[in-house]
Amino acid sequence: MDFGTIGFVLAAVAGIIAIVIKIIEGKFGLVGILGIVGVCIGFVGLLLQRSNPEGTRTDYRGTLLSPSEQTQTSGRSTREQRQWQDEQTRRLLRKVNADADSAINRALEFAESGDFQRATQQLELAWPVFKSPRDDAQVYGWRGYVRYLSGDTSRALTDLDTAIGLDSENGGIWLVRALIAVRAGVAPLALTCTEMALRLSAESRALVWSLRGEAFEQLGECTDALMALDSSIACDRNAPQPWMIRGSILHGEGMYAEAMSSYARAIMLNTRSADAWYGQGLAQTYLGKPELALKSYDVAILYNACHALAWNNRGGALNELGRRDEAFSSFLRATQCDHRDPHGWANLGQSYMHFGDSLSALACFDSSLMQDSSFAPAWGKKILLLAQL
């Protein structure tokens, strides 16, 4: 039974308990109605789970763990991975365009500073300079990358398609297209693009294999993903990011000891990587080692003071160690660092329940459900709390 199913079962059971209590009291009222709602949510959720058994297979951000029933956020934080990918991509594009018009170089400078409008304007200035389709392909590729950085993924892919139509032998353009496809979650397109990039270019192969591994992971093909990441590591043994993705995949497959080893390797390559320390702590949490996990989360926070996932799971580790007051503070900090994450709100609500503050707990569960209206742990806890009022 997966954790989503457990959440829906809790909702149904809590609803039934509420109905029985109110029938015994002879007063059905609002709580009785909420009980019926809980039963309905629980059974509908179970039906949806049955109709989509693979629906939660690759969602490793949140689970409901016993005995503490703390919502653990797992998987990897992609901030450092994305920084590495973008750095590698820009290095390749800078090399490809080393002899290009100065307008492209200025566009790169604007893009790296976050001024995407002026970067696009500079690229427009480059067009009259070039005379051949291959040169036009370069500019379309650059504009697609700048548009992607500015958040316009749809038009970015359109530009890259145009670039490939003009010069289908440019491995750098295929790589950028693969990067955007992975970020957009279009795994089949990403696999096609990485295959072409590997065939056409000897540049940035560690990045290409890494993107290929992420695409396989999105498709749930974890064996192929791990093989691709091993190839990435073979191309660049000093890059910690492929080791981190490898650790995330192993964690998702329940291979926590192997995941911890991958994160430990990433830490050896970059001791200041907050994401690597967080990943190691997460593996230690699932291996039942809260003391070690707490130390790893503390180091992650040392290098990234607003690492919401580390704060959230630090609270879980403190709860496991019986340090409830400190756990509450960690959950509160997690919500301050990322108010959009339903897990932190659910855990903060659980802490309020422990301290007997039902109104604050309900407010937290409502905040959790505002971020994700189908978040089963928050529903289960909320309905159980309402039944107790």
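The values are calculated or read from the model by the stated rules, or taken from the named source; none is laboratory data. Since this is a predicted model, take the numbers as computed values, not measurements. When we count neighbours, we look across all protein chains shown, and the Cβ atoms used for this are built from the backbone with ideal geometry, even at glycine.
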| task | Scan region 370-384 and give yes if some residue there is closer than 24 Å to Ile249 by Cα, of a type in the set (Gly, Ala, Ser) and out of contact with any Cys (no Cβ under 7 Å at 6 or more places or on another chain), otherwise no. | result | yes
| request: Starting from region 256-270, take each residue that is under 9 Å from Ala283 (Cβ atoms) and list its partners that are part of a loop (DSSP other than H, G, I, E, B) and not basic (Lys, Arg), counting only C-beta distances under 8 angstrom and pairs at least six apart or across chains. | output: Tyr256/Leu287; Ala257/Leu287; Met260/Leu287
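Yes/no matrix, rows are residues, columns are (1) among the β-branched types (Val, Ile, Thr); (2) buried (at least 19 other Cβ atoms within 10 Å of the Cβ); (3) under 18 Å from the mean Cα position of the chain (by Cα):
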| residue | (1), (2), (3) |
| --- | --- |
| Tyr297 | no, yes, yes |
| Asn304 | no, yes, yes |
| Leu309 | no, yes, yes |
| Gly315 | no, yes, no |
| Trp345 | no, yes, yes |
| Leu369 | no, no, no |
| Ser373 | no, no, no |
| Trp379 | no, yes, no |
| said: I'd like to verify a number: residues in region 165-176 that are over 14 Å from Arg199 (Cβ atoms) and either at pLDDT 90 or above or part of a helix (DSSP H, G or I) (or both), how many? | reply: 3
| query | Quick check: anything in region 178-192 at pLDDT 90 or above, closer than 26 Å to Ser232 by Cα, under 30 Å from the mean Cα position of the chain (by Cα) and among the basic types (Lys, Arg)? | reply | no
| field | Search result, residues across region 352-389 that are part of a helix (DSSP H, G or I), among the aromatic types (Phe, Trp, Tyr) and out of contact with any Gly (no Cβ under 6 Å at 6 or more places or on another chain) | value | Tyr352, Trp379
| query | What is the one condition in (1) aliphatic (A, V, I, L, M); (2) at pLDDT 95 or above; (3) not in a helix (DSSP H, G or I) that Ala239 does not satisfy? | reply | (2)
| Could you list, in sequence order, the residues of region 315-344 that are part of a helix (DSSP H, G or I) and either among the β-branched types (Val, Ile, Thr) or under 17 Å from Leu287 (Cα atoms) (or both)? | Gly315, Gly316, Ala317, Leu318, Asn319, Glu320, Thr335
| If you scan region 234-277, which residues turn out to be of a type in the set (Phe, Trp, Tyr) and either buried (at least 24 other Cβ atoms within 10 Å of the Cβ) or under 20 Å from Tyr303 (Cα atoms) (or both)? | Trp243, Tyr263, Trp277
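The rows are residues; the columns are (1) over 25 Å from Trp142 (Cβ atoms); (2) outside any helix (DSSP H, G or I); (3) among the hydroxyl-bearing types (Ser, Thr, Tyr).
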residue: Thr194; (1), (2), (3): no, no, yes
residue: Ala202; (1), (2), (3): no, yes, no
residue: Arg212; (1), (2), (3): no, no, no
residue: Thr223; (1), (2), (3): yes, no, yes
residue: His251; (1), (2), (3): yes, no, no
residue: Gly279; (1), (2), (3): yes, no, no
| query | Of the residues Asn347, Asn312, which is more than 23 Å from Arg272 (Cβ to Cβ) and outside any loop (DSSP other than H, G, I, E, B)? | reply | Asn347
| Residue check, Glu217 against (1) in contact (Cβ under 8 Å) with a residue 60 or more places away in the chain; (2) surrounded by 24 or more Cβ atoms within 10 Å (Cβ to Cβ), all met but one. Which one? | (2)
